[in-house]
Amino acid sequence: MLKIAVQKSGRLSEGSIQLLKDTGLQFNNGRKQLLATASNFPVEILYLRDDDIPQYVQDGVADLGIVGENTLMETGKSVKVIRQLGFSKCRLSLAIPKADHYSGPEYFAGKRIATSYVNILQDFLTSNDLTAEIHPISGSVEIAPGIGLADAVMDIVSTGSTLLSNGLKEVEVVTKSEAVLIAHKAISDEKQKILDQLAFRINAVLTARGYKYILLNAPNDKIDEIIAVLPGMKSPTVLPLADKGWSSVHSVVEEKQLWEVIDKLKMKGAQGLLIIPIEKMVV
Ligand code: ATP
Ligand code: MG
């Protein structure tokens, strides 16, 4: 039985639970309980505070965990990072009062900086040869300058609107973060086998999220030009339609390029385009 620690409720929870469900695991969400057992795979899910996850995985109380890179970095625990998971993306940034002029990191020399990430901030200061006063706060960091508790903050930013509404501007991105899958460093052979299986499934789900399946109809004399537009995994599938002189073309397109490709396909004479999500993809 492999134990996986995920955040009980917060900005990592939905993405973590959705990912595990997309790999085919069936289990109850952790609204009430702290532990759920999957009914169709040898896995148990532990619902925890995110700050505790690195410690649990380091100690082997949990074999795997899903946590933000920011939290992992801050706690400095020794675990194996299996892979990035592509959700809960954010950055850890320094912000100062909107009206202040910012010329560079030396701005922070001798300043009082409020943050929940004392270690990451200290590393930033050290690597810039700066000394500043760090004020550890566990939440609502962005209000610290407004109430006179600090001159600046280092906090999580995703859009920057919270900073702006507190009269602050982002001036330095200290580090970027997303959810990562972590594992205990000395996992047993038996557990490693389950982990390999799960990691294979997670890879298939995450790869699929970056692509769409595309179907279209086109007159046969346009097929060559249309194929040239499709990046595809290998060569696209071309099937004849009942209507003579027409074919159906199927291919896989990277989500990033999707709209650009659709525009080109339409220009080349494609009709009846269908774009379909891919559930799993093994390459
Ligand atoms: P807990 O109660 O479990 O300790 P928390 O309040 O510490 O939760 P959350 O606010 O739920 O933490 O954030 C969890 C993680 O999600 C953060 O450590 C970060 O990696 C990521 N995160 C935080 N804010 C955002 C955001 N606005 N957009 C995307 N990801 C975010
Ligand atoms: Mg937390």
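The table below gives the values:
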{"read-out": "Unique match (being without any contact (Cβ under 8 Å) to a residue 60 or more places away in the chain and surrounded by 14 or more Cβ atoms within 10 Å (Cβ to Cβ)) among I147, I156, I134", "value": "I134"}
{"read-out": "Failed criterion for G10 (all others in (1) open to solvent by less than 60 Å² (accessible area, probe 1.4 Å); (2) within 16 Å of ligand 2 (Cβ to nearest atom); (3) farther than 17 Å from D155 by Cα hold)", "value": "(3)"}
{"read-out": "T71 being hydroxyl-bearing (S, T, Y), within 16 Å of the chain's Cα centre (by Cα) and within 16 Å of ligand 2 (Cβ to nearest atom)", "value": "yes"}
{"read-out": "Strands (runs of 3 or more DSSP E) lying entirely in region 22-123 (those with 3 or more residues that are in the same structural domain as A144 (by TED's automatic domain parsing) and buried (at least 16 other Cβ atoms within 10 Å of the Cβ))", "value": "90-97, 112-115"}
{"read-out": "Residue that is under 30 Å from G65 (Cα atoms), touching a helix residue (DSSP H, G or I) at 6+ places or on another chain (Cβ under 9 Å) and within 16 Å of ligand 2 (Cβ to nearest atom), where the choices are V180, V153", "value": "V180"}
{"read-out": "Residues of region 159-186 satisfying the condition of being open to solvent by 50 Å² or more (accessible area, probe 1.4 Å) and of a type in the set (A, V, I, L, M)", "value": "L164, V173, A186"}
{"read-out": "Filtered residue count, region 242-263, keeping only those that are farther than 18 Å from I276 by Cα and surrounded by 13 or more Cβ atoms within 10 Å (Cβ to Cβ)", "value": "2"}
{"read-out": "Matching option when the condition is closer than 27 Å to K77 by Cβ and either modelled with pLDDT of 95 or more or in contact with a strand residue (DSSP E or B) (Cβ under 9 Å, 6 or more places away or on another chain) (or both), among Y117, Y107", "value": "Y117"}
{"read-out": "Inter-residue pairs, beta-carbon under 9 Å, first touching a residue at least 60 places away in the same chain (Cβ under 8 Å) and in region 38-53, second polar (S, T, N, Q) and more than 9 Å from ligand 2 (Cβ to nearest atom), 6+ apart", "value": "F41/T23; F41/Q26; F41/Q197; V43/T37; I53/T75"}
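Okay, residues lined up against (1) among the hydroxyl-bearing types (S, T, Y); (2) out of contact with any Phe, Trp or Tyr (no Cβ under 9 Å at 6 or more places or on another chain); (3) not in a helix (DSSP H, G or I):
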site: L206; (1), (2), (3): no, yes, no
site: A218; (1), (2), (3): no, no, yes
site: E225; (1), (2), (3): no, yes, no
site: A242; (1), (2), (3): no, yes, yes
site: K256; (1), (2), (3): no, yes, no
site: I275; (1), (2), (3): no, no, yes
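Here's the yes/no breakdown for (1) surrounded by 14 or more Cβ atoms within 10 Å (Cβ to Cβ); (2) of a type outside the set (G, A, S); (3) farther than 22 Å from F87 by Cα:
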| position | (1), (2), (3) |
| --- | --- |
| Q197 | yes, yes, no |
| N217 | yes, yes, yes |
| I227 | yes, yes, yes |
| P231 | no, yes, yes |
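The values are calculated or read from the model by the stated rules, or taken from the named source; none is laboratory data. As the structure is a computational prediction, the values presented were derived from the model and not from experiment. Using ideal geometry, Cβ is built from the backbone for each residue, glycine included, and neighbour counts are taken over all protein chains shown. SASA here: full protein model, heavy atoms, side chains in, ligands and nucleic acids out. Shrake-Rupley method; radii C 1.70, N 1.55, O 1.52, S 1.80 Å.
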